[in-house]
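The next block holds one structure in the form of structure tokens; read it before the comments.
The values are calculated or read from the model by the stated rules, or taken from the named source; none is laboratory data. Computed from a predicted model, the values in this text were never measured in an experiment. Note that each Cβ is placed from the backbone with ideal geometry, even for glycine, and that neighbours are counted across all protein chains shown. Surface accessibility is based on the protein's heavy atoms, side chains included, excluding ligands, DNA and RNA. Shrake-Rupley method; radii C 1.70, N 1.55, O 1.52, S 1.80 Å.
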Amino acid sequence: MVGNAVALAVSAPADVDTDLLVVPHLEGENLLQAVPELAHASGGAVEKALNTREVQGKPYELFLTPAAGGWRAGRIAIVGAGRAADFDLERLRRVATAAAAAAKQRRVARIAFLYRPSPDARFDAAAAAQTIAEGLILAAFNSDRYKSRDHVPPPPERMTVVVPPSTQETAQLHALEEAVERGRVLGESSNIARDLCNEPANVLTPSVFAERAVQISREVGLSVEILDEDEIARLRMGLLLGVARGSAEPPRVIVMTHEPPGAPASPVLGLVGKGITFDTGGISIKPAEGMDRMKDDMAGGAAVICAMRAIAILRAPIKVIGVVPAAENMPGGRAIKPGDVLTGASGKTVEVLNTDAEGRLILGDALWYAQRLGATHLVDVATLTGACVVALGKAASGLFGQPEPWVEAIRKLAARAGDRAWPMPLYDEYSEQLRSEIADMVNTGGRAAGACTAAVFLKEFANDVPWAHLDVAGTAWADEPKPWQSKGPTGVAVRTLAELALSSADWT
């Protein structure tokens, strides 16, 4: 999926040389009045479909017709974009992905997507161009690497974002070109994260995960360091070592650094991602049903690695440090047991009540280490709790943090990036559920408010710095295919983390 080309064309629709030209259509609008050339270009087919209500503009409905009237496109696709009131950047991204996915199924080699100004000038041409590029690239993801034959058609070889020359914003041509490139990189990086999450755990061990991070880092000029088990022990990361003890595979800590010339001393953004490459639950073993999905328990780590890739390519103006603790959680003979006490690198002690609450343990040591490396602002991403899935389902990630302006900045960026996140509380009462009789705290507060108590546990390691926690347990994997999303890994949080670094001027 890496290397798909997406380009900008400032052109009249009739002059676009492509196999399929996609035109978004809002529900209830007069499409032929908005794009009058369509009537002639389709030989009356679009007008007929509109009159018979075959085409209504409902979300993701698709109508294809050959192009005529001298247009260079081979075919025209009218894709439903829903109601004008609902047409935001996320809807535009999904429409672009759905159109490109449909083109892929039809083995279309070249696809172009026509930009149309948003209702009420809700977003400008540059924001739309980036979003369309992201959507087109996201559709390029394939999950058939381990199939002996090609079962999934290849994505289009050439994708184009078309902006009509009459658009006022075309005067800012350079900004449009940069927007398309930014969208390409963000979509591509999301797909790499999806590819990592799709890897079986017998292939993607903690050591291999670290090797992949090194390869990705070196390709884009990031500094990278891998801490092995000896270095982890020297740093006294007892929480990470405790989780890793039950596995024959040794743990790793991946450290990636982006430090551009002239970067200010502050802020230094620290991104921390959970990297459990397989989670059995340990001694507190999970049910067999659905355990195969636990290969994606490193989705937070994949998001950080691939966000760092995008941050480097797009030259974020601030220093960013990515830290990914990687381990397997297995029930081997040396595995931690309920009732054990572990000591983290911070000096905090944790009584382990449930070995399946392992993600917060490894993140505790990683949050400490990110601060030791100089991070002044923290965001961690983890498939952390089933309780968050119960609370929010698959529609949004849980967002926790401090202080409120920092959390709100991330919420807004997540919405813009297409990673919906819903703010959740960190009330003092949740800390009471983590009290231990023999240690500083326990690693689980029980079923009540499970996502909140997990976040409060992490807060203990974030200290007083601006910190946010994204619980992506419900959003990292799609159980059912949608027009805009294939079944499987979603690449959640890659774009949010990258946009956070790229938009530092908005929160500093």
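Filtered by the rule that a residue be assigned to a helix (DSSP H, G or I) and free of Cβ contacts under 8 Å to residues at least 40 places away in the same chain, the range 19-37 gives Leu32, Gln33, Glu37. Taken over the range 465-486, residues that are in a loop (DSSP other than H, G, I, E, B) and in contact (Cβ under 8 Å) with a residue 60 or more places away in the chain amount to 11.
How many residues does the range 380-397 hold that are part of a helix (DSSP H, G or I) and open to solvent by 10 Å² or more (accessible area, probe 1.4 Å)? Residues meeting the conditions: 6.
Among the residues of the range 263-282, just one is open to solvent by 20 Å² or more (accessible area, probe 1.4 Å) and either without any contact (Cβ under 8 Å) to a residue 40 or more places away in the chain or touching a Pro at 6+ places or on another chain (Cβ under 6 Å) (or both), namely Ala265.
Residue-wise test of (1) under 17 Å from Gly322 (Cβ atoms); (2) surrounded by fewer than 17 Cβ atoms within 10 Å (Cβ to Cβ).
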| residue | (1), (2) |
| --- | --- |
| Leu186 | yes, no |
| Asn191 | no, no |
| Thr205 | no, no |
| Gln215 | yes, yes |
| Ala233 | no, yes |
| Ala244 | no, no |
| Val253 | yes, no |
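Give the residues of the range 446-462 that are open to solvent by less than 20 Å² (accessible area, probe 1.4 Å) and small (Gly, Ala, Ser), sorted by residue number.
Gly450, Ala451, Ala454, Ala455, Ala462 - these are the residues of the range 446-462 that are open to solvent by less than 20 Å² (accessible area, probe 1.4 Å) and small (Gly, Ala, Ser).
Listed conditions (1) of a type in the set (Gly, Ala, Ser); (2) without any contact (Cβ under 8 Å) to a residue 40 or more places away in the chain; (3) closer than 30 Å to Ala414 by Cα are all met by Gly82, apart from (2). Within the range 455-508, the set of residues being farther than 30 Å from Ser346 by Cα and of a type in the set (Val, Ile, Thr) comprises Thr475, Thr490.
Taken together, the residues in the range 99-123 that are assigned to a helix (DSSP H, G or I) and open to solvent by less than 10 Å² (accessible area, probe 1.4 Å) amount to 3. Ala288 falls short on exactly one of the conditions (1) open to solvent by 10 Å² or more (accessible area, probe 1.4 Å); (2) touching a residue at least 24 places away in the same chain (Cβ under 8 Å), and that condition is (2).
When restricted to residues that are farther than 13 Å from Ala7 by Cα and open to solvent by 10 Å² or more (accessible area, probe 1.4 Å), the range 127-138 contains 2. Looking across the range 217-231 at every residue that is assigned to a helix (DSSP H, G or I) and not hydrophobic (A, V, I, L, M, F, W, C), the one that is least open to solvent (accessible area, probe 1.4 Å) is identified as Ser217. Would you check if there is a residue in the range 421-441 being under 30 Å from Arg91 (Cβ atoms), in contact (Cβ under 8 Å) with a residue 24 or more places away in the chain, surrounded by 24 or more Cβ atoms within 10 Å (Cβ to Cβ) and in contact with a helix residue (DSSP H, G or I) (Cβ under 7 Å, 6 or more places away or on another chain)? Scanning the range 421-441, I find at least one residue that is under 30 Å from Arg91 (Cβ atoms), in contact (Cβ under 8 Å) with a residue 24 or more places away in the chain, surrounded by 24 or more Cβ atoms within 10 Å (Cβ to Cβ) and in contact with a helix residue (DSSP H, G or I) (Cβ under 7 Å, 6 or more places away or on another chain), so the answer is yes.
Comparison of Arg91, Arg53 shows that the only residue that is open to solvent by 30 Å² or more (accessible area, probe 1.4 Å), of a type outside the set (Ser, Thr, Tyr) and within 30 Å of Ile192 (Cβ to Cβ) is Arg91.
Scanning the range 463-502 for residues that are among the hydroxyl-bearing types (Ser, Thr, Tyr) and surrounded by fewer than 18 Cβ atoms within 10 Å (Cβ to Cβ) yields a total of 0.
Answer yes or no as to whether Ala41 is surrounded by 15 or more Cβ atoms within 10 Å (Cβ to Cβ) and under 30 Å from Ser190 (Cα atoms). So Ala41 does not fit the description; no. The residue that is modelled with the highest pLDDT, counting only those in the range 142-177 that are under 20 Å from Ala417 (Cα atoms) and open to solvent by 10 Å² or more (accessible area, probe 1.4 Å), is Glu177.
Listed by first and then second residue, the pairs with beta-carbon distance under 7 Å, at least 6 apart or on different chains, first residue in the range 56-78 and assigned to a strand (DSSP E or B), second basic (Lys, Arg), are Leu64/Arg75; Thr65/Arg75; Pro66/Arg75.
Between Val161, Val203, the distinction of being under 25 Å from Leu502 (Cα atoms) and not in a helix (DSSP H, G or I) belongs to Val161 only. Considering only residues that are of a type in the set (D, E, K, R) and under 21 Å from Gly491 (Cα atoms), look in the range 401-414 and name the one that is surrounded by the fewest Cβ atoms within 10 Å (Cβ to Cβ). Taking the candidates together, the pick is Lys412.
Contact annotation: residue pairs with Cβ atoms under 6 Å, 6 or more positions apart or on different chains, pairing a residue in the range 492-508 that is farther than 25 Å from Phe141 by Cβ with a partner that is modelled with pLDDT of 95 or more, are Ser504/Ile318; Trp507/Ala409; Thr508/Pro267.
Here is a list: Ala316, Ala312. Which entry is crowded, with 24+ Cβ neighbours inside 10 Å, touching a helix residue (DSSP H, G or I) at 6+ places or on another chain (Cβ under 8 Å) and in contact (Cβ under 8 Å) with a residue 60 or more places away in the chain?
Ala312 is the lone residue from the list that is crowded, with 24+ Cβ neighbours inside 10 Å, touching a helix residue (DSSP H, G or I) at 6+ places or on another chain (Cβ under 8 Å) and in contact (Cβ under 8 Å) with a residue 60 or more places away in the chain.
Residue-by-condition table, conditions (1) in a strand (DSSP E or B); (2) open to solvent by 20 Å² or more (accessible area, probe 1.4 Å); (3) over 18 Å from Phe457 (Cβ atoms):
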{"residue": "Ile321", "(1), (2), (3)": "yes, no, yes"}
{"residue": "Arg334", "(1), (2), (3)": "no, yes, yes"}
{"residue": "Gly347", "(1), (2), (3)": "no, yes, no"}
{"residue": "Val350", "(1), (2), (3)": "yes, no, no"}
{"residue": "Leu361", "(1), (2), (3)": "no, no, no"}
{"residue": "Leu378", "(1), (2), (3)": "yes, no, no"}
{"residue": "Leu399", "(1), (2), (3)": "yes, no, no"}
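Thr385 satisfies every condition listed in (1) hydroxyl-bearing (Ser, Thr, Tyr); (2) under 25 Å from Ser247 (Cβ atoms); (3) out of contact with any Gly (no Cβ under 7 Å at 6 or more places or on another chain) except (3).
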